[in-house]
Amino acid sequence: MSYRVVTQRVAAETLDHEVVILDQVSGTYYSLGGSGEVIWEMLVRGSSVERMVDRLVSRYEVSPEAARDTVTRLVAELERDGLLETCEDASVAADPPTADSGARAPWEAPVFERFTDLQSLLLLDPIHDVDAAGWPHQQRDDQGP
Amino acid sequence: MSEAASTSPTHERVRVIGEALARFEAAARASAGPTFDLTIAKRRVRLRFAGEGLAERLVPALAHRIGPPSGRADLTVHLWDRASTGVGMSRAPWSPRELLPGGRVAEAQALGLEVQCQLDSGLVTILDPAAGIATLWIDDAACISRHEAAAPLRQLFASWFPTQSLCMTHAAAVGWRGRGVLLGGASGSGKSTTALLCLDAGLELAGDDYVLVDPGEGGADPTVHGLYATAKVDAPGVARLPNLAAAFDASPYPPGPDDKAIAFLHRHAPERAGRDLALVALLLPVVTGLGETRLEPMSGARALRALAPSTVFQHGGDGRHTLAMLAGLVARLPCFRLALGTDFPRIPELIRDLVTEGAASA
C-alpha cells in the first residue's frame, strides 16, 4: 500500500528536523518530529509502507516489526485527518531507495502533535443573501426584506 | 471563433474584469474621484477612486505611502461605491453557496482571478494578478468597516503581494534606527500591545497587526515594510499609551464597548509609524503575568508554528507559497520567546537593546 500527501489541502515545511503541517481545509495544524520527519519526507514522495519500513530500519536501531508498527500508526492518524490518500504502487517508481551510510542512529519515535485552536479562522461563510447583481452580502438591519 | 474558444478561462477572465472596469469608468464619468500613487516595497500601487467618501475612509491608513504621481503602476486598483456615483457592480458570474477563507470565491480561481467578498459590508474585490489590475466596489462607502479602515485592501494585498515574492503577514513589527523585530503569534498573544508600547516609548513601528514581509529570498536581507500606519487598541489600551493620546483623540473611530479605537499615525508620528525595518529577529510574545520580561531562545520550527498558521488561515490563497516564504524568513532569523512581564516600561527597553546589540555585532 502506498500513500501520498493531499497537496490540495496540505502545506508543510521542515525546519530543525521538525515538520510544520497546515491543513487548509480544517484549520488544524501539526508538528511532526523524531523519525516522523523521515516518514513525512517519504510520504511526500508517495512511498510504500514497505519502503518506509526499510528506510527506518536502515537509518535507526529499530526492528522491522517495530518500524512497521510505527509507520502504520502514524499513517493511520494522518489518513484519518484527511492529510493522506492512498495511491497506486506504481508511483513508487518515482521513489528510488535511499541508502543511509554509516552507523544506525538510536531509535527516535515520531513526535506528533495536533493543534486545533485556530480552526475558527477557516469556517466557511455560507451565503444566504445576494444583492441585485448577484454578489453576496448580509441583509443589513436598516434594509427592508 | 468556436464556442469552446469563446468560453475559455482566459476569455472569461478578461470578460469578468473588463465588465467591472467598464462599471468603474462609468462611475468615474458620473463623479470623478482622486488618484493616489503609493510606493510599497519598491512596488507602485495606484488607487483610482470614483465618487466621494471611499477615499477618505480607505486612504488614511496608507497615507504615509503616497508619493508623487508615477508612470506605470505595478498594480492599479479601481475603487467606487454606488451611493455616490449611482453605478452598481457588474453582474456576478457565479452563484457560490459559500465563501472560502479570506472571503474568496472558489469559482473565480479557476479563471485565474481572485475574487473576494465581505459579507458584513458587501465589499467586493476582483484581482487579475497577471494583468496587475483590480477593482473594489461597495454599495455605500459608509458601510466600510473599522477593520477595513484600519487595514484597507488587506485581502487584495494578501492575494497580490505574493506574486511579488512578498508576504502579507499577521504580525507586528517594531524597531530602532531602521532595524527591527517581527512580533508573531495569533490574536491575543500580546504582539499588538508590545508593538504599541514600543511606539509610545519612542521606538519605530512598521505595523501593529498586519505587515508586509520580504523574507529575503535570493540573498537579500529580510525586511518588514510598514503597510498601515495605524494603531488599534481597546479602551484600557488607550490609557496605557499616553503619548499617542492626541492621535486617538483625533480619530473618527473612538473605542466602543465591542470596538477597538483606531489611531491614524501618519500625522502624529510620521517619522516613526509605518516604517520599513531590516529584521534582526523574530519574537513570539507570551503574556506571563510575572513581573520580569525575558527573551528565551526558541527553535525555528516552534517559531514557524506560532507565526504561520494564523497568516495562512486568515488570508487563504496559495498557503503552500505563504508557508514556504515564512519558513525561509524564520530560517534566516534568530527566534525568541518574548515572555511578557507586567513591568511595561521594560518591554521597549529590552527590544531596543536586542536591536542595538544586533547592530553592534553586524
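We did not get these values from a lab; they are worked out from the coordinates using the rules stated. All values reported here derive from a predicted model rather than from experimental measurement. Every residue, glycine as well, gets a Cβ built from its backbone with ideal geometry; the counts of neighbours run over all protein chains shown.
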Alpha-carbon Debye profile of chain A, log10 I(q)/I(0) at 0.08, 0.10, 0.16 Å⁻¹: -0.32, -0.44, -0.85
Chain B: DSSP helices with Cα axial extent of at least 18 Å and average Kyte-Doolittle hydropathy no lower than -0.5: B:9-30, B:300-315, B:319-332, B:346-361
Cβ-Cβ FRET estimate between residue B:235 and residue A:41, R0 fixed at 60 Å, reported to 0.05: 0.75
Chain B shape via C-alpha gyration tensor axes, a/c threshold 1.5: prolate
Per-residue mean of C-beta atoms belonging to partner chains within 10 Å, peptide B:95-103: 5
Relative packing of B:198-211, A:64-77, which averages over residues the other C-beta atoms within 10 Å, highest first: B:198-211, A:64-77
Among B:280, B:235, B:253 - extreme Cα towards positive end, dipole of segment B:228-294, charges at beta-carbon: B:280
Burial ranking of peptide ranges B:30-38, A:109-117, B:124-132 (average Cβ count within 10 Å, highest at the top): B:124-132, B:30-38, A:109-117
Size of charge dipole - the protein assembly as shown - debye, nearest 20, with Cβ of Lys, Arg +1 and Asp, Glu -1, no other charges: 1220
Rounded to the nearest 20 debye, dipole of segment B:167-361 from Cβ charges on Lys, Arg, Asp, Glu: 260
Peptide-level mean, for A:5-13, of C-beta atoms on other protein chains within 10 Å: 4
Eligible lysines near residue B:260 by straight Cα distance, threshold 30 Å, same-chain separation 8 or greater: B:191, B:232
Partner chain coverage, peptide B:310-316 - average Cβ within 10 angstrom: 5
Neighbour-count order for B:253, B:228, A:3, fewest beta carbons within 10 angstrom listed first: B:253, A:3, B:228
Per-pair calculated FRET efficiency, R0 = 41 Å: residue B:31 and residue B:110 via Cβ, rounded to 0.05: 0.75
Share, in percent, of DSSP beta bridges within the protein assembly as shown that are antiparallel, nearest 5: 75
Helix-only mean residue ellipticity at 222 nm for the protein assembly as shown, each DSSP H run of n ≥ 4 adding -39500 (n - 2.57), per residue, nearest 500: -9000 deg cm²/dmol
Check: segment A:2-128 dipole with +1 on Lys, Arg Cβ and -1 on Asp, Glu Cβ, in debye: 160
Cα gyration tensor shape of the protein assembly as shown, rounded if a/c is under 1.5, else prolate or oblate by comparing a/b with b/c: oblate
